Amino acid sequence: MQDKAIIGLGNPGTRYAATRHNVGFRLVDALAEKHGCSWFPTTFDGWASHVNLGMTRVWLAKPTTYMNRSGQFVAPFLSSLSLGIEDILVVYDDLDLPLGRIRLARKGSSGGHNGLKSLACHLESEAFGRLKLGIGHPAPPQDVVEWVLAPFSGPEGAVISEAISLAINAVQDWVHGGMDMAMNRNNGLFVRYTQDSEGGN
């Protein structure tokens, strides 16, 4: 059986659970729930679970190191499973994508995302697959840190929940068909969000 891993990025604890920065955690939680998987603690400051999708055992993981030190968990976790960076898909929030849009990529820069910076440092490479969940960018003068650590509004929350459902399908395409198929099928998909969603305000 082949092994792969989906790494969700976020911050641990109830304080951060509903924030924009934690959509990576939310996606792997949704995957685990969909397949009836339980989470268990690892020895690497994180939680793990796994599900069998066809002939692939897919590991799900959530670092508890806080976002800025995600690589401290991911590197030894992958090593313990004898997985390389070609076997992982990292799921995270993206400020530069509109709310509700998802996008897969084979590799890329950190784009200022501290979780990705930590992974690139500890894995000594930026050539790992990514699944980005758009959270939109704050309007000036709102601070970016305050934005990502704030919860979604009610209408935004409905949009991101639908986007996570799209992202689950994208993950399954990546597992079964590889990155090219997953990108071709999913990179044009999005959940529409407009000001009309907020009652015309």
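Per-structure values
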{"quantity": "Residue list for the stretch 68-112, given a label point 7 angstrom along the Cα-to-Cβ vector of R192 and an amide N cut-off under 19 Å", "calculated": "98-102"}
{"quantity": "Global geometry of the stretch 4-92, whether rounded, prolate or oblate, following the gyration tensor of its Cα atoms and the 1.5 cut on a/c", "calculated": "oblate"}
{"quantity": "Cα gyration tensor, the stretch 121-201 - rounded (a/c under 1.5), prolate or oblate", "calculated": "oblate"}
{"quantity": "Three-way shape call for the stretch 2-49 based on the alpha-carbon gyration tensor, with the a/c threshold at 1.5", "calculated": "prolate"}
{"quantity": "Sorted by Cβ neighbour density within 10 Å, fewest at the top, the residues T56, T14", "calculated": "T14, T56"}
{"quantity": "Signed unit charges on C-beta, dipole axis of the chain, positive-most listed residue F190, T56, F77", "calculated": "T56"}
{"quantity": "Residue list for the stretch 119-138, given a label point 7 angstrom along the Cα-to-Cβ vector of K107 and an amide N cut-off under 16 Å", "calculated": "119-131"}
{"quantity": "Translational D in µm²/s for the stretch 2-198 (Stokes-Einstein at 37 °C, 0.692 mPa s, Kirkwood Rh from C-alpha pairs)", "calculated": "197"}
{"quantity": "FRET efficiency, D96 to S161 (Cβ-Cβ, R0 22 Å, nearest 0.05)", "calculated": "0.55"}
{"quantity": "Dipole moment magnitude, nearest 20 debye, the chain about Cα centre, only Lys, Arg, Asp, Glu C-beta charged", "calculated": "220"}
{"quantity": "Normalised per residue, the volume of the convex hull around the Cα set of the stretch 75-133 (Å³)", "calculated": "74"}
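Every number in this text was worked out from the coordinates using simple rules, so none of it is lab data. Small disclaimer: the values here were computed from a predicted structure and weren't measured. Cβ coordinates were reconstructed from backbone atoms using ideal geometry, including for glycine residues, and neighbour counts include every protein chain displayed.
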